[in-house]
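The values are calculated or read from the model by the stated rules, or taken from the named source; none is laboratory data. Note that the coordinates shown come from a computational prediction; the quantities given were computed from them, not determined experimentally. Here the Cβ positions follow ideal geometry from the backbone for every residue, glycine too, while neighbour counts run over all protein chains shown.
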Amino acid sequence: MSDKRTELRRRAMALPLEPGVYIMKNAAGQIIYIGKAKKLKNRVSQYFGDQKGHTEKVRQMVSHVDRFDYIVVGSEFEALVLECSLIKQHTPKYNILLKDDKGYHYIRVSPPPYSRLSEAKQTAEDGARYIGPFMSSYAVKQAVDEANKIFSLATCGRPLAYGKKGSDRPCLNHHIGQCCAPCTGRVDPAAYTERVEEAVEFLTQGSARTMATLQERMEEAAERLDFEQAARLRDRIRAIRRMGEKQKVVLSRIEEQDVIALAQGSGHSCFEVFRFVGGQLTDREHFLLDEQEDTPAARREFLEQYYSLRDRIPPQVTIDGAAEDGDLLEQWLSQKAGRRVRLVKPQIGEQAHLVEMCRSNAAERIAQQVGMTGRETAALEELRQLLDLTVTPAYIECYDISHTAGSEPVAAMVVFKNGKPLRTAYRKFRIKQAQGGDDYAAMAEVLTRRMKEYLAHQEEGNGFGQKPDLILLDGGSGQVAAVAPVLARYGLDIPLYGLVKDDRHRTRAIALEGGEIDIHRKRAAFTLLSAIQEEVHRSAIGYHRQRRKKATISTTLLSIPGIGETRARALLRQFGSLKGVQNASVEELLLVKGMTRPAAEEIRRYFEQEEEGNP
């Protein structure tokens, strides 16, 4: 322990056993972290003691601490309130910080005759009409998209004019019924303007009012026998109804709530927020952050920051996992809202489905950030939750043993990085010590050699110098029990699990010392683990067959008088296979380095006799 940490720990041990807020500062006097504690002495002293139990983020923060201040308060709840206020005021580097980037948004209607509807972040003196302002960018984008589709307005970048020469081919939107194709020059400006005004009415007065107006106009057109106009109005009414049916996919029976979920992967984390009002999804936001090792603490910090920046707090906040100090958070949120606010973590039903949808969207945000697919990100996040890992397992190693009745035992290591095979990192091992088909001893031998290589090359940070986030073994709890002491012996804290197959050789469960975790219900994680297990099995079997083939060839050549291991290897290098050696003439055999004529003639004699004996 450094002299600085020793001094800081000595000071921390002198703190009172009372609730309060502590303020960490660096050598320049800048506040780098603010936290709360039920008992200041116990909480602050933990930072400057043994670092093994700390996350990487905490270790980095502690390494920059030069001194700390503290404020004693009357209760842990008062500490939470003060912590929120101070974080908002000082924005420390190592706290979760969110930007309050919520601004006003507008619907822009470009000048006629062929107006376009679009979303705008601010108004401008450009001759366009602006509707708004609105607080939710998501709501504006959704509304504009719906209006353009319902009323078949142009959204492409083609020039729009009436009576153009020639006949331009309309874009795909026209063929799927989402654009009236004014780009062809055959849409009357007055008719198009009517569509635009109906869309504006839809946006400003709502779908119910617009439906009633369109219904009335359709009936009037039918009475005056203008069936073409009546049919057009009927199609618009149907389009509004179809859009309403589409929206029911994300309806909630809880009238007003926020749904918040966390996804992690590839060094990033993302909180996604769905906001429901009147049972409908009215807004959504996402916040990309660094990966969080302590997810309950991260959820608490996020909720504190998010609702410190928001005036509206719903009666229910639905979250995807445990949040640190949940009871205190409920009390704080209720105080801010002036009424009861509940924190809910659903397990089944509609609410669990909404949480999963929210998490999938968060995973998609990370995927866009790092170039992964949303499915891969979701699978890794699901696996992290299933195994209760502190970080998303971006770098996974899996091992399998293969032999035939104990002969030619080998092992294969495959690597999956960000949910994809990293074939350049695959490795193969010949079992040197374990004998007689002892899979447990063989697995322990392979992992011992692997961990020695890691300790020797960890400064390089790649290849064998890369520390895996997760180690998987093709086998049950027996393999896990055999390898766990190896990791403990080298002081490596790496999550270790086995992959158990059913009687049809399909992945069935995850094994750990003393039990199993069923994975059939976790579809994304199940698919990923099945792919990993199939890949390592293929690699191990392939290497074992290769070794057996070489052993068979070597045994054949070594049975020829005058041929030892050196000449056998030289023959295989020269001719590539046993078949090539068998077909070679004496003169061709003499071209092999170290070959003598008597030995070459013995080779020809051996294969000629073999051919005579096997017609």
In this structure, is Ser115 in contact (Cβ under 8 Å) with a residue 40 or more places away in the chain, within 30 Å of Arg284 (Cβ to Cβ) and in the same structural domain as Tyr130 (by TED's automatic domain parsing)?
-> yes
Filter region 267-301 for residues that are among the polar types (S, T, N, Q) and surrounded by 21 or more Cβ atoms within 10 Å (Cβ to Cβ); the one that is nearest to Gln369 (Cα to Cα) is Ser269
Filtering region 366-404 down to residues that are of a type in the set (D, E, K, R) and surrounded by 19 or more Cβ atoms within 10 Å (Cβ to Cβ) yields Glu376, Glu381, Glu382, Arg384, Glu397, Asp400
Looking across region 509-529 at residues that are more than 14 Å from Leu472 (Cα to Cα) and over 23 Å from the mean Cα position of the chain (by Cα), the single one that is modelled with the lowest pLDDT is Gly514
In region 344-360, anything farther than 18 Å from Gln385 by Cβ and either touching a strand residue (DSSP E or B) at 6+ places or on another chain (Cβ under 6 Å) or without any contact (Cβ under 8 Å) to a residue 12 or more places away in the chain (or both) is listed as Gly349
Within region 27-59, of all residues that are without any contact (Cβ under 8 Å) to a residue 40 or more places away in the chain and closer than 16 Å to Leu17 by Cβ, the one surrounded by the most Cβ atoms within 10 Å (Cβ to Cβ) is Leu40
Filtering region 41-59 down to residues that are more than 20 Å from Glu78 (Cα to Cα) and in a helix (DSSP H, G or I) yields Ser45, Gln46, Tyr47, Glu56, Lys57, Val58, Arg59
| query | Within region 74-85, can one find any residue that is modelled with pLDDT under 90 and in contact with a His (Cβ under 9 Å, 6 or more places away or on another chain)? | reply | no
Output yes when any residue across region 434-452 is over 27 Å from the mean Cα position of the chain (by Cα) and farther than 22 Å from Ile541 by Cα, and no when none is. yes
Is region 341-351 home to any residue that is closer than 30 Å to Phe416 by Cβ and either outside the structural domain of Gly265 (by TED's automatic domain parsing) or of a type outside the set (Asp, Glu) (or both)?
yes
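Let's see how each residue does on (1) crowded, with 20+ Cβ neighbours inside 10 Å; (2) among the hydroxyl-bearing types (Ser, Thr, Tyr); (3) outside the structural domain of Thr373 (by TED's automatic domain parsing):
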| position | (1), (2), (3) |
| --- | --- |
| Val414 | yes, no, yes |
| Gly419 | yes, no, yes |
| Arg423 | no, no, yes |
| Arg430 | no, no, yes |
| Ala442 | yes, no, yes |
| Glu445 | yes, no, yes |
| Tyr454 | no, yes, yes |
Flagged in region 319-374 as under 18 Å from Leu303 (Cβ atoms), among the polar types (S, T, N, Q) and touching a Leu at 6+ places or on another chain (Cβ under 9 Å), in numbering order, are Gln331
Output for Cβ contacts, cut-off 7 Å, separation at least six or different chains, first residue assigned to a strand (DSSP E or B) in region 455-481, second modelled with pLDDT of 85 or more and among the β-branched types (Val, Ile, Thr), reads Leu470/Ile396; Ile471/Ile494; Leu472/Ile396; Leu472/Ile532; Leu473/Val480; Leu473/Val483; Asp474/Val536
Taking Ala323, is it within 30 Å of Leu380 (Cβ to Cβ), in a loop (DSSP other than H, G, I, E, B), small (Gly, Ala, Ser) and in contact with a strand residue (DSSP E or B) (Cβ under 7 Å, 6 or more places away or on another chain)?
yes
If we ask which residues in region 109-129 are part of a loop (DSSP other than H, G, I, E, B) and crowded, with 16+ Cβ neighbours inside 10 Å, their number turns out to be 4
Notebook entry, point to check: Looking at region 289-300, is at least one residue under 30 Å from Glu146 (Cβ atoms) and either part of a helix (DSSP H, G or I) or modelled with pLDDT of 90 or more (or both)?
Noted result: no
The residue that is farthest from the chain's Cα centre (by Cα), considering only those in region 1-40 that are among the charged types (D, E, K, R) and in a loop (DSSP other than H, G, I, E, B), is Glu18
The condition from (1) among the hydroxyl-bearing types (Ser, Thr, Tyr); (2) part of a strand (DSSP E or B); (3) over 21 Å from the mean Cα position of the chain (by Cα) that Thr318 misses is numbered (3)
Restricting region 1-26 to residues that are of a type in the set (Ser, Thr, Tyr) and either farther than 22 Å from Cys84 by Cα or free of Cβ contacts under 8 Å to residues at least 24 places away in the same chain (or both), the one surrounded by the most Cβ atoms within 10 Å (Cβ to Cβ) turns out to be Thr6
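Sort through Ser167, Ser136, Ser118 and tell me the only one that's among the polar types (S, T, N, Q) and modelled with pLDDT of 80 or more.
Going through Ser167, Ser136, Ser118 in turn, the sole match is Ser118.
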